[in-house]
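The values are calculated or read from the model by the stated rules, or taken from the named source; none is laboratory data. These figures come from a predicted structure and were not determined experimentally. Cβ sites come from the backbone with ideal geometry, for glycine too, and all protein chains shown count toward neighbours. The area values use the complete protein model at the heavy-atom level, side chains included, leaving out ligands, DNA and RNA. Shrake-Rupley method; radii C 1.70, N 1.55, O 1.52, S 1.80 Å.
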Amino acid sequence: MSGPLSPNSWHYRELNARNPGLSYLSDGLIELAEAGHPVVAGSADLQYSNGLNKFAKAYPDRYIQFGISEQNMVTAAAGLATCGLKPFVATFASFLGLLCCEQIRMDVAYSAQPVRLIGHHTGISLGFYGTSHHATEDIATMRSIADLAVVSPADGPQLQAAIRASADYELPIYFRISRGRDPIVYEDGVTFEFGKAVVHSIGEELNIIACGMAVHGALEAAKKLNAAGRSVGVIDMASIKPLDREAILRAAGSAKKMLTVEEHNVIGGLGAAVAEVLADEGAGVKLRRHGIYDEYSLIAPPTHLYAHYKLDAAGIEDVALGVMNG
């Protein structure tokens, strides 16, 4: 039967309409393909959950459906790259960043193949799917692999910009993206540069460094705090590796307190990367790392989880106030 059993039936083919952010992945790949780049794409039976169905429709001969075989998909992508192609392969971040870690390390990064790994539904964005599908360790695992870039875009336009920038990036990349319902931070056509942060503002009391879905909340929190007479800056560290050390040190030089915010375990993630820079340079600044505090996340709708873990705008504002007043 080709159609749904009932007009009220929900089915995966509607996801792009329901979650418009899913289109940016395919749009970025289509843009590269139209420019003449040898882009191919693959997914582990999740083309409707990550939006690659749009690319598959535009370029059916360049799309591979690997089925529920994530590790094989990564190894096959490495093989495709050795043939001169630019493979983009996607699956849930919990599977890609953890289950496929060995294949990413040995077949992709160790061989320096220009594979683009798309880990989607990061952090706690899969909600009711629970701990097995929550990805709160992937930044830590991926950034510890040599020659592997790690990028965590704030929204769809920044993801598409990063995909555009990847055309001339020779080493492999791990893209950490959300579920397609992210609030828009940037306009279409925004630019992206590996190793460069987006400095929205620099504060005199506190500087917040965030990545991924936390960027929008950090900006909203800073707006309210600044309107109340505080001085809070926000930096979007979408490029977690390579890291913009200069932006971190500039922020540390302007305020005595800093806050990192990420939808990830506070161990090994963005906060740890920032702490390493501050320790290396002997920067005298107090840092609070905010995220998932080394625990297995609860099971609930994503919006409820964001509020529970204080990763929404109200929660980040509360944490920022605690840091400034502490």
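Taking amide H as placed 1.01 Å from N in the peptide plane, residue 264 has its amide H under 5 Å from the amide H of 292, each at least 5 places away in sequence or on another chain. With each label modelled as a point 7 angstrom along the Cα→C-beta vector, the residue 276-residue 193 pair spans 2.2 nm.
Among the listed pairs 54/223; 57/241; 54/241; 54/196; 223/310; 196/257, which have their C-alpha atoms separated by more than 25 angstrom in this model? Can you show the working numbers first?
Numbers: 54/223 36 Å; 57/241 32 Å; 54/241 29 Å; 54/196 30 Å; 223/310 17 Å; 196/257 21 Å.
Exceeds cut-off: 54/223; 57/241; 54/241; 54/196.
Contact order for the chain, expressed relative to its length and based on alpha carbon pairs under 8 Å spaced 6+ residues apart, stands at 15 percent.
Tell me the GluC sites (Glu not before Pro) within the range 106-204 that lie in a loop according to DSSP and have at most 16 other beta-carbon atoms within 10 Å. All intermediate terms of the calculation are to be shown ahead of the outcome.
On the way: sites: 137, 170, 187, 193, 204; in loops: 137, 170, 187, 193, 204.
Those satisfying the criteria are 170, 187, 193, 204.
What fraction of the DSSP beta bridges in the chain is antiparallel, stated in percent and rounded to the nearest 5? Please list the in-between numbers first.
On the way: 6 of 42 bridges.
For the chain, the DSSP antiparallel bridge percentage is about 15.
Which of the peptides 91-104, 274-287 is most tightly packed, and how do the rest follow, judged by the mean count of other Cβ atoms within 10 Å per residue?
On the way: 91-104: 22.5, 274-287: 14.7.
Ranked from most to least packed, the peptides come out as 91-104, 274-287.
Taken one residue at a time, the phi angles of the range 319-326 give Karplus couplings (6.51, -1.76, 1.60, θ = phi - 60°) of 5, 4, 4, x, 5, 5, 8, x Hz. Gly and Pro are set to x. Overall, the chain carries a charge dipole of about 320 debye about its Cα centre when +1 sits on the Cβ of Lys and Arg and -1 on the Cβ of Asp and Glu, all other atoms neutral. Placing unit charges on each Cβ (+1 for Lys and Arg, -1 for Asp and Glu) gives the chain a dipole about its Cα centre, and among 53, 90, 290 the Cα reaching farthest toward its positive end belongs to 290. Solvent exposure of the chain amounts to 42 Å² per residue of accessible area, where only protein heavy atoms count and the probe is 1.4 Å.
Couplings 3J(HN,Hα) of the range 258-263, computed from phi: 9, 9, 9, 9, 8, 8 Hz, in residue order, whole Hz [Karplus 6.51 cos²θ - 1.76 cosθ + 1.60, θ = phi - 60°; x for Gly and Pro].
Shown here for the range 276-326: chymotrypsin sites (Phe, Trp or Tyr not before Pro) in loop regions (DSSP other than H, G, I, E, B) with at most 10 other Cβ atoms within 10 Å, namely 293. Shape analysis of the range 213-255 yields a ratio of the Cα radius of gyration to the Kirkwood radius, Rg/Rh, of 1.02. Taken along its principal axes, the alpha carbon cloud of the range 43-119 reaches lengths of 33, 28, 15 Å, longest axis first.
Put simply, the Cα atoms of the range 211-326 extend 40, 33, 24 Å along their principal axes, the longest span coming first.
Please report the carbon-and-sulfur percent of the accessible area for the chain; probe 1.4 Å, protein heavy atoms only, DNA, RNA and ligands left out. Provide the component values of the computation, followed by the final result.
Details: 7140 of 13590 Å².
On the chain, the fraction of accessible area on carbon and sulfur atoms equals 53 percent.
For the range 253-304, the equivalent ellipsoid built from the Cα gyration tensor has semi-axes of 26, 11, 7 Å, listed from largest to smallest. Rounded to whole numbers, the Karplus 3J(HN,Hα) couplings from phi for the range 274-287 are 5, 4, 5, 5, 4, 5, 4, 9, x, 6, x, 9, 7, 10 Hz, using 6.51 cos²θ - 1.76 cosθ + 1.60 with θ = phi - 60°, and x at Gly and Pro. Springs join every pair of Cα atoms under 10 Å in this Gaussian network model of the chain, and among 267, 316, 177 the largest mean-square fluctuation is at 267. Computed from Cα atoms, the angle from the helix 23-34 axis to the main principal axis of the chain rounds to 60 degrees.
Cα-Cα pairs above 25 Å in the chain: how many percent? Intermediate values should be presented prior to the final figure.
Working: 25361 of 52975 pairs.
In whole percent, the share of Cα-Cα pairs in the chain beyond 25 Å is 48.
Using helices alone, I'd like the mean residue ellipticity at 222 nm for the chain: each DSSP H run of four-plus residues gives -39500 (n - 2.57), total over residue count, nearest 500. Walk me through the intermediate numbers first.
Numbers: 12 runs with 111 residues, N = 326.
One gets -9500 deg cm²/dmol as the mean residue ellipticity at 222 nm.
Its relative contact order, with pairs defined as Cα atoms under 8 Å and 6+ residues apart, puts the range 215-292 at 29 percent.
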